[in-house]
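K.L.:
After the structure tokens below, expect a handful of questions from me.
The values are calculated or read from the model by the stated rules, or taken from the named source; none is laboratory data. Because the structure is predicted, anything quoted here is derived from the model rather than measured. Counting neighbours? That spans all protein chains shown, and the Cβs are built from the backbone with ideal geometry, glycine included. Note: accessible area is taken over every heavy atom of the protein model, side chains too, but ligands, DNA and RNA are not part of it. Shrake-Rupley method; radii C 1.70, N 1.55, O 1.52, S 1.80 Å.
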Amino acid sequence: MEKIRLGIIGVGNMGSAHIRNVLDGKCPEVEVCAFADRRESRRNWGKEQLPDAAVYTEGTDLIAGGNLDAVLIATPHYQHPFLARAAMEKGMHVMVEKPAGVYTLQVRDMIAAAEAHPDLSFAMMFNQRTNCVYRKLKEMLDHGELGELKRVSWLITNWYRTQQYYDSGAWRATWAGEGGGVLLNQCPHQLDLLQWLCGLPTKVHAFCHEGKWHDIEVEDDVTAYLEYENGATGVFITTTGDAPGTNRLEITGTKGKVVVEDDVLTFWRLKTDEREWCKTCSEGFRMPEYEKSIVETDGSSLQHVGVLNAFAANILRGEPLVADAREGIRGLMLSNAMHLSSWLGQAVTLPIDEQKFYELLMEKCKSSRHKEETDITFNTEGSY
């Protein structure tokens, strides 16, 4: 087999972007042989782009149709685990768009299906893990260059969205259709990176403002306080209502601090570990000396193309994935924890009470608003 025969379920904003990448020759080991979408306009678009591909309305029909090696699931979030399980049961490799699901209990079912089919590739579209800056930062942290974690702060407010964005789909920004707002739609990448870089916190106290800047029922403004097992603390702030927004990650350890902003990684390296300096320095105000530098990276950020190509290579030759989909539950656990903390009005410990979260989410779904379906698709190029 020289190429994987891929079926794409959902050819809206992201699904159509994946098709364009393949047609542009960026994924030479991938051939899109089938696609599915419930909207007739998107099926017509797909027929124009892929005249030889099989066309379906439902993802389950695409899976049942067979003659595919793998599927890429780019549907509304609630459907991700169900479709992934169905595909694996038919012997297909699976790539899931973020997030892994809406709540951790359904993702555990998806992971169980993957464990039952260890011969199948199971990947998440965590394209930000290909970013050269975050890859380099991960390397530095793993090698202990920052020492022990003391503090992390991520201000990620450049996810600006208009009301038209939220009105573009009946499922968007509703509890029943999407299951959340900025935490579940825009921020899964940052929540994944946060746990990938620093690990999961042990305690979260979050404040999620629902419909603060838009006419929606889910959260569009979040501030969360984090505590880690070793006593380190953190703050995570995000919104879709700030313009211009900011994307600034700062991590402080006992051996210095790093800042990621504007695709630049800056390192303040202490010449002496701060904990040792604090205990031995004879002067009350003197700070340990440091060297400031811009950290060089390899400059490669292959994004969605890199993740999809790694998926194909994993199927064809057993090469490493960018992100195993089993890891998707970790960032989702953090997202669920922020929601649960805000709903309860108190701090929560991780792992959270997953059944309690599910019950409260279902209560919100009962009163979720009905929105009329629209037929709008955006070009996502340059939005990530």
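K.L.:
Could you check the range 273-293 and list, in sequence order, the residues that are polar (S, T, N, Q) and either touching a His at 6+ places or on another chain (Cβ under 6 Å) or within 14 Å of GLU148 (Cβ to Cβ) (or both)?
P.N.:
None - no residue of the range 273-293 is polar (S, T, N, Q) and either touching a His at 6+ places or on another chain (Cβ under 6 Å) or within 14 Å of GLU148 (Cβ to Cβ) (or both), so the list stays empty.
K.L.:
Continuing with the same structure: Counting only residues that are within 14 Å of ARG151 (Cα to Cα) and touching a Lys or Arg at 6+ places or on another chain (Cβ under 8 Å), which one in the range 196-211 is surrounded by the most Cβ atoms within 10 Å (Cβ to Cβ)?
P.N.:
The selected residue is LEU197.
K.L.:
Hey, another quick one. When the residues of the range 130-140 are narrowed to those that are in contact (Cβ under 8 Å) with a residue 40 or more places away in the chain and open to solvent by 10 Å² or more (accessible area, probe 1.4 Å), which ends up farthest from the chain's Cα centre (by Cα)?
P.N.:
Among those that are in contact (Cβ under 8 Å) with a residue 40 or more places away in the chain and open to solvent by 10 Å² or more (accessible area, probe 1.4 Å), it is LYS136.
K.L.:
Could you go through the range 331-352 and let me know if any residue there is among the aliphatic types (A, V, I, L, M), closer than 30 Å to ILE4 by Cα and at pLDDT 95 or above.
P.N.:
yes
K.L.:
Can you pull out every residue in the range 5-26 that is touching a residue at least 40 places away in the same chain (Cβ under 8 Å) and more than 24 Å from the chain's Cα centre (by Cα)?
P.N.:
ARG5 - this is the single residue of the range 5-26 that is touching a residue at least 40 places away in the same chain (Cβ under 8 Å) and more than 24 Å from the chain's Cα centre (by Cα).
K.L.:
A further question follows. If you scan the range 83-125, which residues turn out to be assigned to a loop (DSSP other than H, G, I, E, B), of a type outside the set (Phe, Trp, Tyr) and open to solvent by 30 Å² or more (accessible area, probe 1.4 Å)?
P.N.:
Result: LYS90, GLY91, LYS98, ALA116, HIS117, PRO118, ASP119.
K.L.:
Right, here's the next one. Sort through THR272, THR233, THR240 and tell me the only one that's under 30 Å from ASP298 (Cα atoms) and polar (S, T, N, Q).
P.N.:
That would be THR272, the only listed residue that is under 30 Å from ASP298 (Cα atoms) and polar (S, T, N, Q).
K.L.:
Go through the range 255-279 and count every residue that is closer than 30 Å to GLU97 by Cα and not in a strand (DSSP E or B).
P.N.:
2
K.L.:
Can you go through GLY59, GLY25 and tell me which one is at pLDDT 95 or above and surrounded by fewer than 22 Cβ atoms within 10 Å (Cβ to Cβ)?
P.N.:
It is GLY25.
K.L.:
If a residue must be buried (at least 17 other Cβ atoms within 10 Å of the Cβ) and part of a loop (DSSP other than H, G, I, E, B), how many such residues does the range 214-237 contain?
P.N.:
Matching residues across the range 214-237 total 6.
K.L.:
Quickly run through the range 340-366 and pick out the residues that are more than 19 Å from LEU191 (Cβ to Cβ), in contact (Cβ under 8 Å) with a residue 60 or more places away in the chain and outside any helix (DSSP H, G or I).
P.N.:
Correct list: GLN346 only.
K.L.:
Then there's this: Which is more than 25 Å from CYS198 (Cβ to Cβ) and not β-branched (Val, Ile, Thr), of ALA123, ALA100, ALA116?
P.N.:
Result: ALA116 is the single residue among ALA123, ALA100, ALA116 that is more than 25 Å from CYS198 (Cβ to Cβ) and not β-branched (Val, Ile, Thr).
K.L.:
From the set of residues in the range 176-195 that are open to solvent by 10 Å² or more (accessible area, probe 1.4 Å) and part of a loop (DSSP other than H, G, I, E, B), which is nearest to THR240 (Cα to Cα)?
P.N.:
Among those that are open to solvent by 10 Å² or more (accessible area, probe 1.4 Å) and part of a loop (DSSP other than H, G, I, E, B), it is ASN185.
K.L.:
Does GLY66 meet the test of being touching a residue at least 12 places away in the same chain (Cβ under 8 Å) and closer than 25 Å to MET1 by Cβ?
P.N.:
yes
K.L.:
Within the range 251-269, is even one residue surrounded by fewer than 18 Cβ atoms within 10 Å (Cβ to Cβ), among the aliphatic types (A, V, I, L, M) and touching a strand residue (DSSP E or B) at 6+ places or on another chain (Cβ under 8 Å)?
P.N.:
Within the range 251-269 (the criterion being surrounded by fewer than 18 Cβ atoms within 10 Å (Cβ to Cβ), among the aliphatic types (A, V, I, L, M) and touching a strand residue (DSSP E or B) at 6+ places or on another chain (Cβ under 8 Å)), the answer is yes, since at least one residue qualifies.
K.L.:
Yes or no: the range 279-291 includes at least one residue that is at pLDDT 95 or above, open to solvent by less than 50 Å² (accessible area, probe 1.4 Å) and out of contact with any helix residue (DSSP H, G or I) (no Cβ under 7 Å at 6 or more places or on another chain).
P.N.:
yes
K.L.:
Looking at the range 141-167 only, could you name the residues that are surrounded by fewer than 18 Cβ atoms within 10 Å (Cβ to Cβ) and within 19 Å of TRP268 (Cα to Cα)?
P.N.:
Across the range 141-167, the qualifying residues are ASP142, HIS143, GLY144, GLU145, GLY147, GLU148, ARG151, SER153.
K.L.:
In the range 280-339, what residues are free of Cβ contacts under 8 Å to residues at least 40 places away in the same chain and either assigned to a strand (DSSP E or B) or of a type in the set (S, T, N, Q) (or both)?
P.N.:
Within the range 280-339, THR280, SER282, TYR290, GLU291, LYS292, SER293, ILE294 qualify.
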